Amino acid sequence: MAKVKSKWVCSECGYETAGYLGKCPECGTWGSLVEEVQYSEKLHNAVANEFINTEKPALLKDIKVDESVRVSTNISEFDRVLGGGFVQGSLVLLAGDPGIGKSTITLQTCGELCKSSKKVLYISAEESATQLKLRAERLGICAESLYIYPQTNMENIKSQIEEISPDFVVVDSIQAIYSNNVPSSAGSVSQIRECCNILMHIAKSKNITTIVIGHVTKDGNIAGPKVLEHMVDTVIYFEGDKYKSYRMLRSMKNRFGNTSEVGIFEMNSSGLRCVTNPNELFLNERSQVAAPGSAIIVTNEGTRPLMVEIQALVGMTSYPTPRRVTNGVDISRLHQILAVLEKRVGLNLSKQDVYVNVMGGIEVDEPSADLGIALAVATCARDVVVDSQTVIIGEIGLSGEIHPVNNIERRLNEAVASGFKKAIIPYANDVPSDIKKIEVVKVKRLMDAIAACVSK
Ligand SMILES: Nc1ncnc2c1ncn2[C@@H]1O[C@H](COP(=O)(O)OP(=O)(O)OP(=O)(O)O)[C@@H](O)[C@H]1O
Ligand SMILES: [Mg+2]
């Protein structure tokens, strides 16, 4: 019998080595190398040869583009993230935490695609056909051209795709699928890579749009996420606060569109509903009584402005080193803002704990949130209130100056639409003349902004 060889593969980046290493030399992650049995070169070649491309090189000008190359999902928020719909023959990875609603959104999408007379094959590797039927009934989906195939074997899946020849294939999930060509267990890096490779070849050669669901978080805790990300055309993360009902679709990689768009959904008993006016959702959570340490900012998510509340709490510390805790804001950004507040405004926070929270559980990584964070902290420290009808927009420089931000017109229009009366914006930003329903206060320095927004 041939000797069984094994190798060690990094579950983060796919790096391979003959022996165990505590730290991956490629990506520097500790403890990510897992042992895998190596399969023979012959088998590998057999799989590869099956998909040899028969196409010949062609001149770019001669290549014909089909008008119907994008297929809308009829779910506006999903289309927004995809850049207008699925590109035919593309491979899309939908990743997210367990239980976030990946199967729900894909089943709803399948229902919508069937409405536009597309043939869809849903490969369910985790749930039985009955379980899927129950979910479909709960979501009110009665798709006529939706095939459900509970299967985990890649070779069987491949033959069924060939037999049914659908327009769309959903694989739920890639971690539960295995190929006979690879001896390691389902969910290992080699299995995921092999199965995804086969799916990619099917998608490209037969022009079948394939949606692959993966149980991977942004930290890439589970096998193979980075390997998968390189192979697919589009990577979409489904995220959200488990304790809140809304969810966000965020595109991390898109070969056919913008990656800065987010889609916002609300989960209820009949499935995921598109939230077309997210400001209602985030601002509704705002406490009705104005309190020190609260500021409303307008952040930009892709092409859509989002209004969110920043809350800060400042209090005497009981530790030798004061605590700085953030939720939804980068901690180093807060450190920088606190340093500017100390040096340029004279606010001494060296004996104070500072907590900053973005309400609604969303992540704000835009520099235009700086001024809102600074004002939330400053007003809490001085025990004064920012007027509840004021929005704050601006990036803070190290010498306390306020830098201009992009898309000011869109942000101000959003503030007007949400009923705000006053906006504090950077001095260098031009305000279009048609924005009249809001009082615009332009500020050059952080000091001026504090003076302008506080109502005692
Ligand atoms: N009757 C219901 N009412 C409201 N929400 C529900 C209901 N049933 C399920 N859900 C929501 O749907 C979520 C499960 O959705 P789904 O099975 O699509 O997630 P998933 O990401 O595919 O999970 P997994 O990783 O286990 O495959 C639950 O966490 C819950 O929030
Ligand atoms: Mg699922």
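Can you pull out every residue in segment 166-216 that is assigned to a helix (DSSP H, G or I), within 15 Å of ligand 2 (Cβ to nearest atom) and closer than 18 Å to Val9 by Cβ?
Matches in segment 166-216: Ile174, Gln175.
For every residue, the table says whether it meets (1) out of contact with any strand residue (DSSP E or B) (no Cβ under 6 Å at 6 or more places or on another chain); (2) touching a residue at least 60 places away in the same chain (Cβ under 8 Å); (3) within 26 Å of Thr73 (Cα to Cα).
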position: Asn156; (1), (2), (3): yes, no, no
position: Glu163; (1), (2), (3): yes, no, yes
position: Pro166; (1), (2), (3): no, no, yes
position: Val169; (1), (2), (3): no, no, yes
position: Tyr178; (1), (2), (3): yes, no, no
position: Asn181; (1), (2), (3): yes, yes, no
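Identify the residue in segment 360-369 that is over 13 Å from Ala312 (Cβ atoms) and more than 16 Å from the chain's Cα centre (by Cα) and, among all such residues, is surrounded by the most Cβ atoms within 10 Å (Cβ to Cβ).
Going through the qualifying residues, I end up with Ser368.
Can you tell me which residue in segment 152-184 is farthest from Phe86 (Cα to Cα), limited to those that are of a type in the set (S, T, N, Q) and within 16 Å of ligand 1 (Cβ to nearest atom)?
Among those residues, the one meeting the criterion is Thr152.
So, in segment 413-433, of the ones that are in contact with a helix residue (DSSP H, G or I) (Cβ under 6 Å, 6 or more places away or on another chain) and not hydrophobic (A, V, I, L, M, F, W, C), which residue ends up surrounded by the fewest Cβ atoms within 10 Å (Cβ to Cβ)?
That would be Pro432.
Could you say whether any residue in segment 438-450 is out of contact with any Asp or Glu (no Cβ under 6 Å at 6 or more places or on another chain), among the acidic types (Asp, Glu), in a strand (DSSP E or B) and over 18 Å from Pro305 (Cα atoms)?
yes
Mind checking which residues of segment 65-113 are away from ligand 2 (no atom under 16 Å from the Cβ) and of a type in the set (S, T, N, Q)?
Listed by number, the residues that qualify are Ser68, Ser72, Thr73, Asn74, Ser76, Gln88, Ser90.
Please enumerate the residues belonging to segment 86-126 that are among the β-branched types (Val, Ile, Thr) and farther than 15 Å from Arg247 by Cα.
Val87, Val92, Thr109, Val120, Ile123
Answer yes if at least one residue in segment 353-361 is closer than 20 Å to Val443 by Cα and part of a helix (DSSP H, G or I), and no otherwise.
The answer is no; no qualifying residue exists.
Just checking, does segment 117-125 include any residue being among the charged types (D, E, K, R), at pLDDT 90 or above and under 25 Å from the mean Cα position of the chain (by Cα)?
no
Within segment 77-99, take every residue that is more than 16 Å from ligand 1 (Cβ to nearest atom) and in a loop (DSSP other than H, G, I, E, B) and give me the one that is surrounded by the most Cβ atoms within 10 Å (Cβ to Cβ).
Ser90
The values are calculated or read from the model by the stated rules, or taken from the named source; none is laboratory data. As the structure is a prediction and not an experimental result, all values here were calculated from the model. Cβ coordinates were reconstructed from backbone atoms using ideal geometry, including for glycine residues, and neighbour counts include every protein chain displayed.
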